[in-house]
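Scroll down for the structure; my scribbles are underneath it.
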Amino acid sequence: MRHKARRAGPNPLSECRRLQREIRLVFDPFTAKHCPTCLTPCCVKPTRVTPVDVALAVGTGHTFPHLNGGDAYAPSVEYAGNRLAPSARSLPMLKGEEAHVLEPCEYLHEYRCTFPDDLRPYGCTAYLCGPMYSHLPEETLRRLRRLIRQLDDTHTSLLRALRDAGKMPLEE
Ligand code: SF4
Ligand code: SF4
């Protein structure tokens with residue numbers, strides 16, 4: 001049985017990217033200030049990256065040169081089985097000795113995520129970390145939660161559209 005698409009604009013990919021840009025406007029000043037000294041970094045394995053996230057980025061012509069010609073999908077396939085694990089965490093910026101303790105996400109390069117800024121993996125973008133809850137004002141958190149709910153709806157519509165077009169399966 002076909003599922004009825006939930007609210008989404010005529011182009012769910014464009015809408016996902018617009019919402020991600022809006023979310024990044026809030027995330028970026030926060031991550032610049034707090035990530036370099038974070039004691040519980042999130043861009044470490046197991047990550048929330050999925051092959052679908054990679055397909056969306058690659059589909060727009062994006063490449064991951066730091067993987068040195070390796071399979072851009074391989075790390076996401078490895079992560080896929082872990083992405084719903086309770087221990088999964090998401091944006092990383094450890095330097096020094098701690099970096100050897102935690103294994104960084106393969107898509108992290110020179111302390112930056114190598115996905116397009118407006119096409120980060122859905123699971124990474126939808127994750128509000130503990131330090132955000134500790135440091136961001138309640139009003140900002142409410143705004144983020146609202147944007148993430150919209151992103152969730154639009155992302156689901158995008159996956160359904162891709163599935164209906166026969167481009168990829170949808171897990172439900
Ligand atoms: S958990 Fe939060 S503060 Fe820590 S590295 Fe990730 S985004 Fe930055
Ligand atoms: S894909 Fe990007 S945001 Fe997600 S865990 Fe890896 S480096 Fe962090």
- Looking for whichever is more than 15 Å from the chain's Cα centre (by Cα), of a type outside the set (Ser, Thr, Tyr) and on the phi > 0 side of the Ramachandran plot here; the options are Gly130, Gly166. Which one fits? Gly166
- Could you list, in sequence order, the residues of region 32-69 that are buried (at least 19 other Cβ atoms within 10 Å of the Cβ), out of contact with any Lys or Arg (no Cβ under 7 Å at 6 or more places or on another chain), more than 20 Å from Leu151 (Cα to Cα) and among the β-branched types (Val, Ile, Thr)? none
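Matching residues to (1) touching a Gly at 6+ places or on another chain (Cβ under 7 Å); (2) within 23 Å of Thr156 (Cα to Cα); (3) outside any helix (DSSP H, G or I):
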position: Glu22; (1), (2), (3): no, yes, no
position: Phe27; (1), (2), (3): no, yes, no
position: Lys33; (1), (2), (3): no, no, no
position: Cys42; (1), (2), (3): no, no, yes
position: Val52; (1), (2), (3): no, yes, no
position: Val58; (1), (2), (3): no, yes, no
position: His62; (1), (2), (3): no, yes, yes
position: Gly70; (1), (2), (3): no, no, yes
- Message: So if I check each of Leu159, Leu108, Leu94, Leu147, which one is at pLDDT 80 or above and within 14 Å of ligand 1 (Cβ to nearest atom)?
- Response: Leu108
- Test Thr125 against the stated conditions and say whether it is crowded, with 18+ Cβ neighbours inside 10 Å, out of contact with any Pro (no Cβ under 9 Å at 6 or more places or on another chain), among the polar types (S, T, N, Q) and under 30 Å from Asn68 (Cβ atoms). yes
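The values are calculated or read from the model by the stated rules, or taken from the named source; none is laboratory data. As the structure is a prediction and not an experimental result, all values here were calculated from the model. Reconstructed Cβ throughout: ideal geometry from the backbone, glycine too, with neighbour counts over all protein chains shown.
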